[in-house]
Amino acid sequence: MQAIKITDLTYIYSKKTPSEKVALAGVNLSINEGEFVTVVGHTGSGKSTLVQHLNGLIKAQTGVVEICGIPTSNKKNLKQLRFDVGMVFQYPEYQLFEDTVAKDVAFGPKNMKLSKEEIDKRVRRAMDLVGLPYETFAERSPFELSGGEKRRAAIAGVIAMEPKILVLDEPFAGLDPIGVKEITELVLKLKREICPTVVMVTHNMDSACELADRIVALCDGKIVADGSPKEVFGDRNLIKEIGLDVPFVARVVDRLEEEGISLDKTILTIDELTSALEEYKKLKGGDGNV
């Protein structure tokens, strides 16, 4: 089943003014239920504009956006759409506003007009899922939390609505390597237990490879690549042309090639690289020069 279908979507900022900018130009994209799709591209390529169409934050100017078969242009469905598509913005901790963590997490479920019992159940579950145990954090002010805890509280507020689709806009922004690892593990957990379909915008190419089933690359408002991480990042010429970095392991592969050691360009993980180097040594007679 298709969770998301985008047909001929075009969006222009400051239309018919001197500062007019085409953010999206004739984008066509389908995402099936259960897929993890990462959207990549240089700054200004249209990534955030694209994902903000998914829950109606931006209304389509030209083209059609359908979520689970329902067009986002139908205003009657807008409220339900925002429950079905959970949006976690870049620096989501800036979304926090209530005086306790529990109240903040409960905001979405309350808007869904759920019973008090169901709201309480969802708040407790969401907080536990993101690693903020209810008994410890419920009555704390969100503004007294650490940066990482604030981000988790904001994510809890989104998943408490139990959306069908989770949209993450730069979830690793401003995080150190430990924070990136923690959010990566959390996102995978949420996909398994709450939101089967995930769309993520990121500049972190290592995380893009680690998490995604598909990579969708944008350049100047157009989709220029759509495939598995190996297919997209294996095309070094395209990656260079659209101004993207490659994941760390791919950079190692390219450096080895400069040193005369030619390996498969689709190698993206440490395990794959280790196996390829072992095989290379065997082919070269195990001379130990690798």
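The values are calculated or read from the model by the stated rules, or taken from the named source; none is laboratory data. What you are looking at is a predicted structure, and each value in this text was computed from that prediction instead of being measured. Cβ placement follows ideal geometry from the backbone for every residue including glycine, while neighbour counts extend to all protein chains displayed.
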Tally the residues that are in a helix (DSSP H, G or I), surrounded by fewer than 20 Cβ atoms within 10 Å (Cβ to Cβ) and among the charged types (D, E, K, R), restricting the search to the stretch 100-140.
-> 11
Can you run down the residue pairs with Cβ atoms below 7 Å, 6 or more apart or on separate chains, where the first is in the stretch 206-234 and in contact (Cβ under 8 Å) with a residue 60 or more places away in the chain and the partner is part of a strand (DSSP E or B) and polar (S, T, N, Q)?
-> Ala208/Thr38; Leu211/Thr38; Ala212/Thr38; Ile215/Thr38
Of the conditions (1) part of a strand (DSSP E or B); (2) under 18 Å from the mean Cα position of the chain (by Cα); (3) charged (D, E, K, R), Glu93 fails just one. Which one is it?
-> (1)
For the stretch 225-238, which residues satisfy the criterion of being out of contact with any helix residue (DSSP H, G or I) (no Cβ under 7 Å at 6 or more places or on another chain) and within 20 Å of Ala23 (Cα to Cα)?
-> Asp226
Test result for Thr10, touching a strand residue (DSSP E or B) at 6+ places or on another chain (Cβ under 7 Å), under 17 Å from Asp220 (Cα atoms) and in a helix (DSSP H, G or I) | no
Out of the stretch 192-247, which residues are within 29 Å of Phe83 (Cβ to Cβ) and aliphatic (A, V, I, L, M)?
-> Ile194, Val198, Val199, Met200, Val201, Ala208, Leu211, Ala212, Ile215, Val216, Leu218, Ile223
Out of the residues in the stretch 72-108 that are within 20 Å of Pro133 (Cα to Cα) and small (Gly, Ala, Ser), state the one that is modelled with the lowest pLDDT.
-> Gly108
Do any residues in the stretch 72-94 that are without any contact (Cβ under 8 Å) to a residue 60 or more places away in the chain have Cβ atoms under 8 Å from those of residues that are among the β-branched types (Val, Ile, Thr) and in a strand (DSSP E or B), where the two are at least six apart or on different chains, and which pairs are they?
-> Thr72/Val65; Ser73/Val64; Ser73/Val65; Asn77/Ile70; Leu81/Ile67; Leu81/Ile70
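Name the residues in the stretch 14-53 that are in a strand (DSSP E or B) and without any contact (Cβ under 8 Å) to a residue 12 or more places away in the chain, would you?
First, pick out the residues of the stretch 14-53 that are in a strand (DSSP E or B): 21-32, 36-40.
Once the filter is applied, which keeps residues that are in a strand (DSSP E or B) and without any contact (Cβ under 8 Å) to a residue 12 or more places away in the chain, the stretch 14-53 yields only Lys21.
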